[in-house]
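Input: a single structure, listed below in structure tokens.
The values are calculated or read from the model by the stated rules, or taken from the named source; none is laboratory data. Owing to the predicted nature of the structure, the values given are computational and were not obtained by experimental measurement. Here the Cβ positions follow ideal geometry from the backbone for every residue, glycine too, while neighbour counts run over all protein chains shown.
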Amino acid sequence: MSSLLVVPRLSPTAYISCLLFGSRCHPVETDTTANGHLYILFIRIIANMSALHLQATLFFFSAFSILLPVQLSIGLQRKTYGFLIAITLGHVLEILAYVARILLHNGQERFAVMYFLPITIAPTLFSTAIYLCLPRIIETYGAHLCPISTRAYHTTLVLADASALVLQAIGGVIAGIDTMSKLDVGLRIVQVGLAAHIVTMAAFVFPTLIFAFNAYKRSTEWAKQFEDLRCSKTFKAFLVGLSSATLSVLIRTCYRIAEPGASFNGDNESAFLVLDGGMILIACIFLTVLHPGVVFRHSSAKANISTVHWQELKA
């Protein structure tokens, strides 16, 4: 027999009222047995999402929608193509996820996978964009200060991130299959992908810290032609912003490993919105306001850093 759960399925007018003014939602009964196990899990989001959480979801959707054209404009003007591809795909996935989240709340169960998959894999693309900034920073101080070949370093990181992304995507697709056993397998694969993402970020952070230590101790060996760039407030702010973006993505991924069901269990929506959506939005703001294409706009020719570094993601 079909089981019935009470979920909010609103008219457009009532839904907008609920989003903007916190009006009470009037639920109706809906049959969930044919919706798939992943959607049944998302019922907890539908049941527990308050008007405040709906407004937060709308805020994240709006924020990523505003940042996307800004990134496109700067990236195309400055020809930072590799960075542009990674950051654009990440923004598009975040926007799709929050659209699907809103539709799920309104009872559109077919969007369950459209929510779960993008919200899981998008941060991996943002970390890839961060890795692509590294070669310019290293060259600004001197490649001899880095313990690993610059090209090999960031190429390895991008490939490792791609592997983590593929694992998360495969897990998300499997989780969407309409059997409980597949759901369990899919979620485990997603968790392995998240762990791979953490390992890749650690592989980025530790050698970068070694490079920073070498640069600090051997300041007399810094590349003299970039002294003006290094002393600029914009470059210093960029280093702080990139570090903050990295930390934000790292916090989000650690949270998702610790709470693998955070995107759908609905137990603590506030924590999810802050530690997932909030952290990623902070990272995106830093990567937009302190865009590497703007920071390095006067130094590309001197640094002998052509757009090949940014285009390698396309190769």
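Looking at 143, 129, just one residue is closer than 30 Å to residue 232 by Cα and free of Cβ contacts under 8 Å to residues at least 12 places away in the same chain, and that residue is 143.
When the stretch 100-136 is filtered for residues that are in contact with a His (Cβ under 8 Å, 6 or more places away or on another chain) and not in a helix (DSSP H, G or I), only 132 remains. Does at least one position in the stretch 142-150 carry a residue that is farther than 23 Å from residue 272 by Cβ, surrounded by fewer than 19 Cβ atoms within 10 Å (Cβ to Cβ) and hydrophobic (A, V, I, L, M, F, W, C)? Yes, there is a match, as at least one residue in the stretch 142-150 is farther than 23 Å from residue 272 by Cβ, surrounded by fewer than 19 Cβ atoms within 10 Å (Cβ to Cβ) and hydrophobic (A, V, I, L, M, F, W, C). Applying the criterion of at least 2 residues that are at pLDDT 85 or above and either loosely packed, with under 15 Cβ neighbours inside 10 Å or over 21 Å from the mean Cα position of the chain (by Cα) (or both) to the helices (runs of 4 or more DSSP H) found wholly in the stretch 258-315 leaves 292-295.
Results for (1) over 21 Å from residue 270 (Cβ atoms); (2) among the hydroxyl-bearing types (Ser, Thr, Tyr); (3) in a helix (DSSP H, G or I); (4) touching a Ser or Thr at 6+ places or on another chain (Cβ under 6 Å), shown as yes or no for each residue.
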{"position": "52", "(1), (2), (3), (4)": "no, no, yes, no"}
{"position": "55", "(1), (2), (3), (4)": "no, no, yes, no"}
{"position": "58", "(1), (2), (3), (4)": "no, no, yes, no"}
{"position": "61", "(1), (2), (3), (4)": "no, no, yes, no"}
{"position": "73", "(1), (2), (3), (4)": "yes, yes, yes, no"}
{"position": "89", "(1), (2), (3), (4)": "yes, no, yes, no"}
{"position": "96", "(1), (2), (3), (4)": "yes, no, yes, no"}
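Results for (1) buried (at least 16 other Cβ atoms within 10 Å of the Cβ); (2) under 13 Å from residue 147 (Cα atoms); (3) at pLDDT below 90; (4) of a type in the set (D, E, K, R), shown as yes or no for each residue.
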{"site": "201", "(1), (2), (3), (4)": "yes, no, no, no"}
{"site": "204", "(1), (2), (3), (4)": "yes, yes, no, no"}
{"site": "207", "(1), (2), (3), (4)": "yes, yes, yes, no"}
{"site": "214", "(1), (2), (3), (4)": "yes, yes, no, no"}
{"site": "222", "(1), (2), (3), (4)": "no, no, no, no"}
{"site": "229", "(1), (2), (3), (4)": "yes, no, no, no"}
{"site": "237", "(1), (2), (3), (4)": "no, no, no, no"}
{"site": "242", "(1), (2), (3), (4)": "yes, no, no, no"}
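With the structure loaded, tell me whether residue 121 is surrounded by fewer than 18 Cβ atoms within 10 Å (Cβ to Cβ) and among the aliphatic types (A, V, I, L, M) or whether it fails that test. Considered against the rule, which asks whether it is surrounded by fewer than 18 Cβ atoms within 10 Å (Cβ to Cβ) and among the aliphatic types (A, V, I, L, M), residue 121 comes out as no. Counting residues in the stretch 250-257 that are buried (at least 21 other Cβ atoms within 10 Å of the Cβ), of a type outside the set (Lys, Arg), modelled with pLDDT under 95 and touching a Pro at 6+ places or on another chain (Cβ under 7 Å) gives one or more. One residue stands out in the stretch 166-197 among those that are crowded, with 18+ Cβ neighbours inside 10 Å, among the hydrophobic types (A, V, I, L, M, F, W, C) and within 16 Å of the chain's Cα centre (by Cα): the one that is nearest to residue 121 (Cα to Cα), namely 169.
So that you can scan it fast, the table gives a plain yes or no per residue for (1) under 20 Å from residue 126 (Cβ atoms); (2) touching a residue at least 60 places away in the same chain (Cβ under 8 Å); (3) surrounded by fewer than 22 Cβ atoms within 10 Å (Cβ to Cβ):
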{"site": "53", "(1), (2), (3)": "no, yes, yes"}
{"site": "66", "(1), (2), (3)": "yes, no, yes"}
{"site": "78", "(1), (2), (3)": "yes, yes, yes"}
{"site": "82", "(1), (2), (3)": "yes, yes, no"}
{"site": "92", "(1), (2), (3)": "yes, no, yes"}
{"site": "96", "(1), (2), (3)": "yes, no, yes"}
{"site": "103", "(1), (2), (3)": "no, no, yes"}
